[in-house]
Each structure stands twice: as C-alpha cells, then as structure tokens.
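First comes the structure, then the notes that go with it.
The values are calculated or read from the model by the stated rules, or taken from the named source; none is laboratory data. This is a predicted model, so every value here is computed, not measured. No Cβ is skipped: glycine too gets one built from the backbone with ideal geometry, and neighbour counts run over all protein chains shown.
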Amino acid sequence: MKRAVVLLSGGLDSATVLAMAREQGFECYALSVDYGQRHHAELAAAQRVASVLGAREHRVINIDLTAFGGSSLTDNKIAVPERASTGIPSTYVPARNTIMLSLALAWAEVLKAQDIFFGVNAVDYSGYPDCRPEYVESFERMANLATKFAVEGKPLTLHAPLLHLSKAQIIQQGVRLGVDYTITVSCYQADADGRACGRCDSCRLRSEGFTAAGVPDSTRYQAM
C-alpha cells in the first residue's frame, strides 16, 4: 500500500481530503500543527477524525506562530471578522501553508512517501495567497528540487483534490465517503468543547455549503 502524508486540521475540508486519500488506496499518516491558533479545539477534532477515518498514524507538531502574530488567528488583539470582506482577510496566517507543507514534506521523506494531500479549495482561493493553484504547483516543484528522495528518482506529488470544488461539492464528496462532519471543527472562534460561534467567516461558508449541498447542517453551535 502506498503511503501518503495528509495535513489534517480537524476541519471539514481536511477530513474530506483524508477520506479521499483513503479511497484512493493510500495508507495515510495524518499531520496536524499546533501553531497557537485561537481555535485550538480543532486539534482535538483532528484526533477524532484521524481515528474514525482510519489514519495509520496521527502526529501533532508544535510551532508557536503567536511569536509573530499578524493574524486574527494568532493574535488575540486582532478581532476575527464576522462579515464577508474584500481582499485578503485577517484570518490569513503568514506563511502557514508553507510551514505546514514543509513539515509534511520532511515526514514524507522519512516515510518514503511520494504523496502529500492537503485541503486548499476554490473558496479559500478567493482570499488566501497560499491557496492558489500556482502556489500548489510551485511548492511541488520546489519539493522535487529540495529532497534527497526526489533527486534519487522518486518524485513527490502534492495533491489538492478540493482546489477547484465549491464548499457544497466538498460536502457532497464527504457525504458520499461517509464523513461524519459532526466530529469536525471549522469555526475560527470555537469554544473549548468545539462548539461553533455561528458568526465568523468560516462558520458562514460552512453553513452556506451545507445549504447549497442540500445536506442538513449538524454543526454544534454555542448558545446564541
């Protein structure tokens, strides 16, 4: 069985990606990153998702990005936006995807895995610069220049299977694969029990996705 490293945040998108990688026959090694995110409850969700969806192993790496701040997810002095806005939102975390993918790349090389999966998608593409197709392509090229494994003739493939899907299409894929979205946490302001605020941009996109997909939203919300 081929091995793959799957970046797993504990949210809706990454859970779907793990299920998709498993369907393709990969033995999945799930990697989560504790970077000091405000919505720390997503890490407990990642553990649940890895267990339920059959990851071979799940690891959590600690890197404290609150040392730099610059994002409403890593600096409590910056408010999480609760309405749609134009431009790059404050929830963008500088270099986060590059850091996470680099960690996944290191583990993949040790595992002799030639595949990495991560859950960027068409919705994120509109706001985050490190969710664009050209970013995915460029990181894959860099990875194949930078690693012993690739130089020796075993190139790496970076899979972003949600890249051109809407949130509704992602949910439909997950439902087809039996993903239980009640165990996921997407909210940027989730409480310690993983209950969603129902107000932030991530909650809005998730809720709209369920509606568009024609799937009941089973998200656990905080008392309003």
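Checking the conditions here, which among VAL120, VAL151, VAL110 is under 17 Å from the mean Cα position of the chain (by Cα) and of a type in the set (Val, Ile, Thr)?
Numbers: VAL151 fails: under 17 Å from the mean Cα position of the chain (by Cα); VAL110 fails: under 17 Å from the mean Cα position of the chain (by Cα).
Among VAL120, VAL151, VAL110, only VAL120 is under 17 Å from the mean Cα position of the chain (by Cα) and of a type in the set (Val, Ile, Thr).
crowded, with 17+ Cβ neighbours inside 10 Å, of a type in the set (Gly, Ala, Ser) and touching a Cys at 6+ places or on another chain (Cβ under 6 Å): which single residue out of ALA190, ALA196, ALA213, ALA143 fits that description?
Working: ALA190 fails: touching a Cys at 6+ places or on another chain (Cβ under 6 Å); ALA213 fails: touching a Cys at 6+ places or on another chain (Cβ under 6 Å); ALA143 fails: touching a Cys at 6+ places or on another chain (Cβ under 6 Å).
So the residue among ALA190, ALA196, ALA213, ALA143 that is crowded, with 17+ Cβ neighbours inside 10 Å, of a type in the set (Gly, Ala, Ser) and touching a Cys at 6+ places or on another chain (Cβ under 6 Å) is ALA196.
Right, THR74: closer than 23 Å to LEU156 by Cβ, out of contact with any Asp or Glu (no Cβ under 6 Å at 6 or more places or on another chain) and of a type outside the set (Asp, Glu) or not? Reasoning before the result, please.
On the way: closer than 23 Å to LEU156 by Cβ: no; out of contact with any Asp or Glu (no Cβ under 6 Å at 6 or more places or on another chain): yes; of a type outside the set (Asp, Glu): yes.
Taking the combined requirement at face value, the residue does not satisfy it.
For the stretch 132-150, check the following and say yes or no: at least one residue is in contact (Cβ under 8 Å) with a residue 12 or more places away in the chain and within 17 Å of MET20 (Cβ to Cβ).
Within the stretch 132-150, one or more residues are in contact (Cβ under 8 Å) with a residue 12 or more places away in the chain and within 17 Å of MET20 (Cβ to Cβ).
Which pairs have Cβ atoms under 8 Å, sit 6 or more apart or on different chains, and link a residue in the stretch 185-198 that is under 7 Å from HIS39 (Cβ atoms) and in contact (Cβ under 8 Å) with a residue 24 or more places away in the chain to one that is crowded, with 18+ Cβ neighbours inside 10 Å and among the acidic types (Asp, Glu)?
VAL185/GLU42; TYR188/ASP201; ALA190/GLU42
Filter the stretch 44-71 for residues that are surrounded by fewer than 21 Cβ atoms within 10 Å (Cβ to Cβ), outside any loop (DSSP other than H, G, I, E, B) and of a type outside the set (Val, Ile, Thr) and give the result.
Just the residues of the stretch 44-71 that are surrounded by fewer than 21 Cβ atoms within 10 Å (Cβ to Cβ), to begin with: 44, 47-48, 51-52, 54, 56-64, 66-70.
Retained after the next criterion (residues that are outside any loop (DSSP other than H, G, I, E, B)): 44, 47-48, 51-52, 57-62, 66-67.
Matches in the stretch 44-71: ALA44, GLN47, ARG48, SER51, GLU57, HIS58, ARG59, ASN62, ALA67.
Consider GLY178 carefully, then state whether it is within 28 Å of LYS112 (Cα to Cα), of a type outside the set (Ser, Thr, Tyr) and surrounded by fewer than 19 Cβ atoms within 10 Å (Cβ to Cβ).
Numbers: within 28 Å of LYS112 (Cα to Cα): no; of a type outside the set (Ser, Thr, Tyr): yes; surrounded by fewer than 19 Cβ atoms within 10 Å (Cβ to Cβ): yes.
Judged against the criteria, GLY178 is not a match.
When you check LEU18 against the structure, is it under 16 Å from GLY174 (Cβ atoms), hydrophobic (A, V, I, L, M, F, W, C) and either modelled with pLDDT of 95 or more or buried (at least 21 other Cβ atoms within 10 Å of the Cβ) (or both), yes or no? Let's see the steps before the verdict.
Working: under 16 Å from GLY174 (Cβ atoms): yes; hydrophobic (A, V, I, L, M, F, W, C): yes; either modelled with pLDDT of 95 or more or buried (at least 21 other Cβ atoms within 10 Å of the Cβ) (or both): yes.
So LEU18 passes the test.
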